[in-house]
Amino acid sequence: MAAPIRLTSSSSVTLLASYSSSIFTKFKTKPHLGFSISLNAAANQLLFCSPRGYRMTHALAKANLGLTYPAQIDSHKISFTPKDIDLVEWKGDILAVGVTEKDMTKDENSKFQNVVLKNLDSQLNGLLSEVSREEDFTGKAGQSTILRLSGLGTKRVSLIGLGNGPTGSSYRSLGESVASLAKASQANNVAVAVASSQELTPELMHATASAIATGTLLGTYEDNRFKSESKKLGLNSVDFLGLGAGPEIEKKLKYSQEVCSGVILGKELVNAPPNVLTPEVLAEEAVKIASTYSDVFTATILDTEQCKELKMGSFLAVAAASENPPKFIHLCYKPPTGSVKTKLALVGKGLTFDSGGYNIKTGPGCLIELMKFDMGGSAAVLGAAKALGQIKPPGVEVHFIVAACENMISGTGMRPGDILTASNGKTIEVNNTDAEGRLTLADALVFACNQGVDKIVDLATLTGACIVALGPSIAGIFTPNDNLAKEVVAASEVAGEKLWRLPMEESYWDSMKSGVADMVNTGGRQGGSITAALFLKQFIGENVEWLHIDMAGPVWNDKKKAATGFGVSTLVEWVVANSTS
């Protein structure tokens, strides 16, 4: 077997860097966030690859279908600063105050009882209480009111409702509201306070600031790479008032920014059209992560022939119809110092486009036009990798695995009735070519188990049945292991992502039995998400804990017509929790 391409240190890039200046000069092309460099052993040429779809050799630049390339947009930076000053002393564009329904309680003279609001209202000569009364603002979640002022340090004051019992989710929503206010008023700087902050412990203050920062960062982000024109964001700084100061809260805010950078990568990968984000470009994204964080990451990218040698018949059958070759992606994170106590694997479904194959997606509601999001699991895995490369958790080794390909239609493609042999030797009769994601995951899960890991979490936009069961906002989870379920659910609660555990009903496996092979790849409409999970279980080693996340619903926000970045935050929290346990 030919040695896979590996990028293990910054020196690998340095050795090749001498070739780069003439190439960039010739093509006058600027990278979005910098080019990664790798060696195409088969063609004996250097490849210079941007993280958003550009691919160049020293001979020519490869054109994408439709001549579409993502625009170069500099990533916008927002500084977050905790300040120990009174609200009325702050000077800037917008002062936003998060308030609960309890905070809005007034005395018999219609004056606020909350100390923070009472002090602020006195500076405004009672205008705050007057406007809140006239607009019937009671602090309910989703409510907001804003005042344009003169004669005070801030140009605007806004009250934003937190509801009855504030949670991490409501504080993230507060941050999103701050982002919306900043966009609407073209504000450069904003201060955020919580009226009831004096009731919070220092730990809760830090968690609150972190949640608000997360909401603000993700709320300000817009993916304009494929628009001919885009607005520039004006918000540059956010100050936190009354939520503490010092190294602990600064560390928490830095962590939020690192996680958000991974979420944004996850969004960009899912948003990218399939004529730009091919399996090869997805692999280039993984290589870029490894080169950026080469102190903790190595990257291995396997091609078709190398996958054949590993007997990945299930994965390769799905890829067989496409002109774009498959790529099997394996990133490995190892902590920069100390010993490894736990080995984890994150496996993501990586269908960069899913036509359905010969069982082509047709009819209303088939969502074929959105099948670029069928690699949402891989986007979550790579987004988590980017975040963890910055966080660098100790004591844990993590394998990030994606079997990337397209499910297309051609004379070489997989047919209904074909029998495939997976890398663990099990045979699969294909009764539906549109149940392809589980076929790619089968070989990816076997590969993960062969890395000697203790626990695996896989993520996949696997079944429409899970959307029917749980709707568009909640992912289903399946596992035979109660402890692992508790770990992942706990991580999702910190992350603010919704999961719901569904049963693995073993009796349903009868519908997955084949007369001529070990199994079929789909058991029909009833309990479709359960039978899909039972299928995946056939490729898990006996001593490996495993949990499957079906994220078909929450991968996409239909109202915003954009990716959500779902899964990244939960994966990061889960890995970090395992690093300290």
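Looking at this structure, is residue 91 at pLDDT 90 or above, closer than 25 Å to residue 218 by Cβ and open to solvent by 80 Å² or more (accessible area, probe 1.4 Å)?
Numbers: at pLDDT 90 or above: yes; closer than 25 Å to residue 218 by Cβ: no; open to solvent by 80 Å² or more (accessible area, probe 1.4 Å): yes.
So residue 91 does not fit the description; no.
Conditions tested, residue by residue: (1) touching a helix residue (DSSP H, G or I) at 6+ places or on another chain (Cβ under 7 Å); (2) in a loop (DSSP other than H, G, I, E, B); (3) more than 17 Å from residue 196 (Cα to Cα); (4) touching a residue at least 60 places away in the same chain (Cβ under 8 Å).
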residue: 82; (1), (2), (3), (4): yes, no, no, yes
residue: 88; (1), (2), (3), (4): yes, no, no, yes
residue: 96; (1), (2), (3), (4): yes, no, no, yes
residue: 103; (1), (2), (3), (4): yes, yes, no, yes
residue: 108; (1), (2), (3), (4): no, yes, yes, no
residue: 116; (1), (2), (3), (4): yes, no, no, yes
residue: 122; (1), (2), (3), (4): no, no, yes, no
residue: 131; (1), (2), (3), (4): no, no, yes, no
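Spot the failing condition for residue 435; the list is (1) crowded, with 21+ Cβ neighbours inside 10 Å; (2) assigned to a helix (DSSP H, G or I), and only one is missed.
(2)
Do we have residue 245 as among the hydrophobic types (A, V, I, L, M, F, W, C), in contact (Cβ under 8 Å) with a residue 12 or more places away in the chain and either more than 13 Å from residue 93 (Cβ to Cβ) or in a strand (DSSP E or B) (or both) here?
On the way: among the hydrophobic types (A, V, I, L, M, F, W, C): yes; in contact (Cβ under 8 Å) with a residue 12 or more places away in the chain: yes; either more than 13 Å from residue 93 (Cβ to Cβ) or in a strand (DSSP E or B) (or both): yes.
Spelling it out, residue 245 is indeed among the hydrophobic types (A, V, I, L, M, F, W, C), in contact (Cβ under 8 Å) with a residue 12 or more places away in the chain and either more than 13 Å from residue 93 (Cβ to Cβ) or in a strand (DSSP E or B) (or both).
Of (1) among the aromatic types (Phe, Trp, Tyr); (2) farther than 30 Å from residue 493 by Cα; (3) part of a helix (DSSP H, G or I), residue 226 satisfies all except one. Which?
Failing condition for residue 226: (3).
Considering region 177-196 alone, what residues qualify as being part of a helix (DSSP H, G or I) and surrounded by fewer than 19 Cβ atoms within 10 Å (Cβ to Cβ)? It would help to see each step written out before you state the result.
Taking region 177-196 first, the residues part of a helix (DSSP H, G or I) are 177-185.
Within region 177-196, 180, 183, 184, 185 meet the criteria.
For region 54-73, enumerate the residues that are of a type in the set (A, V, I, L, M, F, W, C), at pLDDT 50 or above and surrounded by 14 or more Cβ atoms within 10 Å (Cβ to Cβ).
73
A quick yes/no check of all residues on (1) open to solvent by less than 20 Å² (accessible area, probe 1.4 Å); (2) part of a helix (DSSP H, G or I):
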site	(1), (2)
409	no, no
412	no, no
416	no, no
425	no, no
439	yes, yes
442	yes, yes
445	yes, yes
456	yes, no
467	no, yes
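Could you give every pair whose Cβ atoms fall below 7 Å, whose first residue belongs to region 556-572 and is in a strand (DSSP E or B), and whose second residue is among the polar types (S, T, N, Q) and open to solvent by 30 Å² or more (accessible area, probe 1.4 Å), counting only separations of at least 6 or pairs across chains?
So the pair list comes out as 556/564; 557/564.
Taking into account only those residues within region 157-175 that are over 20 Å from residue 138 (Cβ atoms) and at pLDDT 95 or above, which is least open to solvent (accessible area, probe 1.4 Å)?
Ranking the qualifying residues of region 157-175, first place goes to 175.
Let me confirm something: among 214, 208, which residue is of a type in the set (Val, Ile, Thr), touching a helix residue (DSSP H, G or I) at 6+ places or on another chain (Cβ under 8 Å), open to solvent by less than 10 Å² (accessible area, probe 1.4 Å) and not in a loop (DSSP other than H, G, I, E, B)?
Details: 214 fails: open to solvent by less than 10 Å² (accessible area, probe 1.4 Å).
Testing whether each residue is of a type in the set (Val, Ile, Thr), touching a helix residue (DSSP H, G or I) at 6+ places or on another chain (Cβ under 8 Å), open to solvent by less than 10 Å² (accessible area, probe 1.4 Å) and not in a loop (DSSP other than H, G, I, E, B) leaves just 208.
I need the full set of residues from region 226-260 which are open to solvent by 10 Å² or more (accessible area, probe 1.4 Å) and within 20 Å of the chain's Cα centre (by Cα), in order please.
Passing the criteria: 226, 252, 254, 255, 257, 258, 259.
The values are calculated or read from the model by the stated rules, or taken from the named source; none is laboratory data. All of these numbers come straight from a predicted model, not from anything done at the bench. Counting neighbours? That spans all protein chains shown, and the Cβs are built from the backbone with ideal geometry, glycine included. The area values use the complete protein model at the heavy-atom level, side chains included, leaving out ligands, DNA and RNA. Shrake-Rupley method; radii C 1.70, N 1.55, O 1.52, S 1.80 Å.
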